[in-house]
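Below is one structure; the comments refer to it alone.
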Amino acid sequence: MKTIIEPFRMKVVEPIRMTTREERERFLEEAGFNLFLINAENVIIDLLTDSGTAAMSAEQWAAVMRGDESYAGSPSFYRLERAVREIFGFRHVIPTHQGRAAERILFSIMCRKGDVVPNNTHFDTTRANIEHTGAEAIDIPIPEFFKPSAHHPFKGNMDTSALRDLIKRVGQKRIPLVMLTITNNSGGGQPVSMANIREVKSICSEENIPLYLDACRFAENAYFIKLREAGYRSRPVREIAREIFSHADGCTMSAKKDGMANIGGFLCTNDDQLAQSEKDLLILTEGFPTYGGLAGRDLEAIAVGLQEVLHEDYLEYRVVSTQYLGRHLAEGGVPIVEPPGGHAIYIDAGAMLAHIPRCYYPAQALVVELYREAGIRSCEIGSVMFGKPDPTGGEEAPAALELVRLAIPRRVYTQSHIDYVVEAILAVNERRSKVGGYRITKQAPFLRHFSARFEPLRS
Ligand code: F0G
């Protein structure tokens, strides 16, 4: 069959509250034109994030009932440990309340002031947790990464010659670990190839540096390898995932993505001594090592979710439905980051709204316009998020790109929801020359995108 369907049917539904344009104008004014400050009830299609927003399956809800809430030695933990060991293959599985807790524990043990951690591209919590230890987080993606319209099957790859140069420049002793983020979220949800993972591992082995994976979207990455890399077409995704992890010494994981759960994460390692220090720290801040800040029912939901995310009919639907959104936007003349990634489509707002100077936040203007047009919530990934204000009051340095992310929650929206999103974006694209920029009226000293307030420029 040519038509790829949602490989599930619905047993429970959540109503969507429709809003009028007039109501949305008011909500925008009240929220200072910041979509993080809009009540989720007033959003029609919520594409803010794919994190923690998945619809759980009947099997997951059944497992939730089985959740054992014992403080120590819960069978729910052992079920999760078994699932993670079987898929990821690491010896130690340390549960945490979400991905960033795993990052904090890993980096506070491995990193010191003056250290350097290379990654294809650090996610913002990963970078912040590394910098919090006094170490430096360095991004070394391949050059195609910086060109939104460039096609590359594995645009998430790390630049391995830059990695060699970096090791030569700063010295092996100052690099406690190398990381690879699969898929590369900040770069458009682009996958990393098995060849790149293998090459990075071989450089790390020569230098005796451990390789860690940020595994949030590992199943989507494994599926892209199956589709695009020679020799993997007939291999089960589960096996491909196992091969990916066989090249790593450990991983951090947010189960809110490819764990198909609403909360949770874990940290894995093969190093016994390191695992002991990690568990000691876990007890201090997260909880006993058989629950790590999660309820037994959460551990159960993740154990089942990790199995379901590897179903190939699910992954086919996931990748095809994300591409469907990307293809319809691109065919309608909207510039997107090519090729479409696994979990999100990124609109190049800098190109779409090229008449708005960077200092007036074109990506923020687009985010506001999509909400105004049709109640769609998306996420600015541009100069509001990454611009660097000048402490002396001069012009701030803009971000590398002005992007808007449309992240697709797992198993939540149907094709007609996506058709609605396409129609709205194409309508905004039609009248793009009339869309104006924004000025920040209030901002926090860091992570300002969550709370800043804006006003439209009056022309
Ligand atoms: N690493 C990557 C690549 C991520 O995308 C995220 C979260 C994390 C780590 C942190 O995990 O949220 O469980 O603490 N990304 C979400 C997003 C927030 O919207 O992309 P967490």
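Coordinate-derived values only; no laboratory data. All of these numbers come straight from a predicted model, not from anything done at the bench. Cβ coordinates were reconstructed from backbone atoms using ideal geometry, including for glycine residues, and neighbour counts include every protein chain displayed.
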- Note on the structure: Rounded to a whole number, the Stokes-Einstein D of the chain in µm²/s (Kirkwood radius over Cα pairs; 4 °C; 1.567 mPa s) is 57 µm²/s
- Could you state the angle between the C-alpha long axis of helix 21-30 and the longest principal axis of the C-alpha atoms of the chain, as a value from 0 to 90 degrees rounded to the nearest 10? 70 degrees
- Query: Counting alpha carbon pairs within less than 8 Å and at least 6 residues apart, what relative contact order, in whole percent, applies to the chain?
  - Reply: 23 percent
- Item | Residue-averaged [θ]222 nm for the chain, counting only DSSP H segments that reach four residues, each worth -39500 (n - 2.57) | -12500 deg cm²/dmol
- Note on the structure: Helix 415-430: inclination vs the chain longest Cα principal axis, degrees, rounded to 10, gives 50 degrees
- What's the angle, to the nearest 10 degrees (0 to 90), between helix 218-228's Cα axis and the longest principal axis of the chain? 80 degrees
- Neighbours of A150 by Cβ distance under 13 Å: Lys/Arg at +1, Asp/Glu at -1, summed charge -1
- Query: How are the Cα pair distances of region 1-134 distributed, in percent, across 5 Å bins from 0?
  - Reply: 2, 7, 10, 12, 13, 13, 15, 14, 9, 5, 2, 0
- Message: Restricting things to Cα coordinates, could you compute the convex hull volume per residue of region 58-308 in Å³?
- Response: 115 Å³
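Could you tell me which of the pairs K11/K257; K173/K388; K155/K226 are separated by over 19 angstrom between their Cα atoms in the structure shown?
The answer is K11/K257; K173/K388.
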- Query: Where nothing but the Cβ of Lys and Arg (+1) and of Asp and Glu (-1) is charged, how large is the charge dipole of the chain around its Cα centre, in debye to the nearest 20?
  - Reply: 260 debye
- Message: Given an 8 Å cut-off on Cα distances and at least 6 residues of separation, report the relative contact order of region 58-308 as a percent.
- Response: 32 percent
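For region 58-308, give the magnitude of the charge dipole about the Cα centre (Cβ charges: +1 Lys/Arg, -1 Asp/Glu; no others), in debye to the nearest 20.
Charge dipole of region 58-308: 420 debye, to the nearest 20.
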- Task: Would you list which aspartates and glutamates come within 15 Å of K434, measuring only between C-alpha atoms, while excluding same-chain residues fewer than 8 positions from it?
- Result: E369, E373
- Message: Please enumerate, by chain and number, the aspartates and glutamates with C-alpha under 18 Å from the C-alpha of K442, excluding those fewer than 8 residues away in the same chain.
- Response: E29, E30, E380, D390, E395, E396, E455
- Sites matching trypsin sites (Lys or Arg not before Pro) across region 1-84 that sit in DSSP coil, with at most 15 neighbouring C-beta atoms within 10 Å: K2, R9, K11, R17
- Item | Radius of gyration, Dmax [region 271-382; alpha carbons; angstrom] | 21.0, 56
- Task: Round to a whole angstrom and tell me the spacing of the C-alpha centers of region 325-374 and region 18-70.
- Result: 21 Å
- Item | Cβ-based charge dipole, region 58-308, positive-most Cα from A230, G296, F218 | A230
